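Q: Sharing a structure below in structure tokens format, with a few things to ask.
The values are calculated or read from the model by the stated rules, or taken from the named source; none is laboratory data. Since the model is a prediction, treat every value here as computed from it, not as a measurement. Cβ atoms come from the backbone with ideal geometry, glycine included; neighbour counts cover every protein chain shown.
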Amino acid sequence: MARINVKTSLMVLSLLVMMLWGCSGTKTITVEVPPIVNLRAYQTVGVLDVEVNNPSSALQQDATRKFIATRQNAQPGVRVLELGSQRRLLQTLGKTRLDAEAIKAICRQNAVDALLVSQIEMSAVNPSIKFGEALTSLSAKAVINASMNAKLYELPSGASLWSDVVSGKWTVAGFDLSETALSNVRVNDLNDKYSKMISDLVYAVTKGFRPTYRKERVAG
């Protein structure tokens with residue numbers, strides 16, 4: 001009896017499967033899935049400055065600029081009106097918080113149909129030290145924890161139609177120390193790390209404004 005070559009048999013079987021698949025006429029196409037939030041439904045969208053719990057005005061300006069730019073890249077052509085500071089607008093209305101009445105008043109006074117509001121919360125730089133077994137090594141790092149939330153309100157109700165929140169942590173410095181050497185030394189410029197952190201948060205929180213894509217099988 002002839003010996004069966006397993007490797008050759010597997011190759012033949014694979015070729016047969018590929019031939020049958022090709023003859024079936026099945027193909028795939030890429031389908032665009034519309035974004036969760038369609039801002040084109042509104043004639044004009046108002047955007048408040050991104051609130052940042054940091055005394056640096058530069059961080060707030062950077063966050064606001066990136067939030068608006070990222071949203072515009074996601075859905076080009078949507079008319080956007082920058083409305084400035086939430087605190088200032090509330091003061092002009094005699095309000096202390098952004099409730100439904102304040103939202104409706106802001107939209108009407110500025111002739112916008114919807115309002116985007118967002119905040120970034122960031123921690124102080126937090127040190128962390130981890131010792132190895134038998135205390136023969138240690139790893140140290142400094143991290144910043146941050147989160148960003150965004151909401152979309154609309155006229156005439158002032159109700160929230162969409163919201164999202166994202167969070168993460170970013171290492172600004174660190175090193176590994178063993179009995180023989182100091183390694184993996186990492187020291188970042190804090191301003192650069194803040195800028196990178198804001199870019200990451202903004203891109204993640206605006207995912208609902210971007211279309212997605214999926215593969216679908218179709219008959220050939």
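Q: Would you check if there is a residue in the stretch 56-71 being more than 24 Å from Ser195 (Cβ to Cβ) and not in a loop (DSSP other than H, G, I, E, B)?
A: No, that holds for no residue.
Q: Condition (residue is surrounded by 15 or more Cβ atoms within 10 Å (Cβ to Cβ), of a type outside the set (Ser, Thr, Tyr), touching a strand residue (DSSP E or B) at 6+ places or on another chain (Cβ under 9 Å) and not in a helix (DSSP H, G or I)) applied to the stretch 93-100: is it met by at least one residue?
A: Yes, the stretch 93-100 has at least one match.
Q: For the condition within 25 Å of Cys107 (Cα to Cα) and modelled with pLDDT under 95, what is the one hit in Val37, Val50, Val45?
A: From the options Val37, Val50, Val45, the qualifying one is Val37.
Q: If you don't mind, there's one more thing I want to ask. So in the stretch 41-92, with the set limited to residues that are under 12 Å from Ser118 (Cβ atoms) and of a type in the set (Asp, Glu), which one is surrounded by the fewest Cβ atoms within 10 Å (Cβ to Cβ)?
A: Ranking the qualifying residues of the stretch 41-92, first place goes to Glu51.
Q: Still on this structure, I have one more. Which one is nearest to Ile198 (Cα to Cα) among residues in the stretch 116-141 that are part of a strand (DSSP E or B) and modelled with pLDDT of 80 or more?
A: So the residue we want is Ile120.
Q: Further question: Can you find even one residue in the stretch 145-152 that is modelled with pLDDT under 80, crowded, with 16+ Cβ neighbours inside 10 Å and either part of a strand (DSSP E or B) or on the phi < 0 side of the Ramachandran plot (or both)?
A: Looking through the stretch 145-152, none of the residues is modelled with pLDDT under 80, crowded, with 16+ Cβ neighbours inside 10 Å and either part of a strand (DSSP E or B) or on the phi < 0 side of the Ramachandran plot (or both).
Q: Could you tell me which residue of the stretch 178-220 is surrounded by the fewest Cβ atoms within 10 Å (Cβ to Cβ), considering only residues that are at pLDDT 85 or above and hydrophobic (A, V, I, L, M, F, W, C)?
A: Of everything passing the filter in the stretch 178-220, Ala204 is surrounded by the fewest Cβ atoms within 10 Å (Cβ to Cβ).
Q: If I go through the stretch 153-177 residue by residue, how many of them are modelled with pLDDT under 90, among the aromatic types (Phe, Trp, Tyr) and within 25 Å of the chain's Cα centre (by Cα)?
A: Residues that pass the stated criteria total 1.
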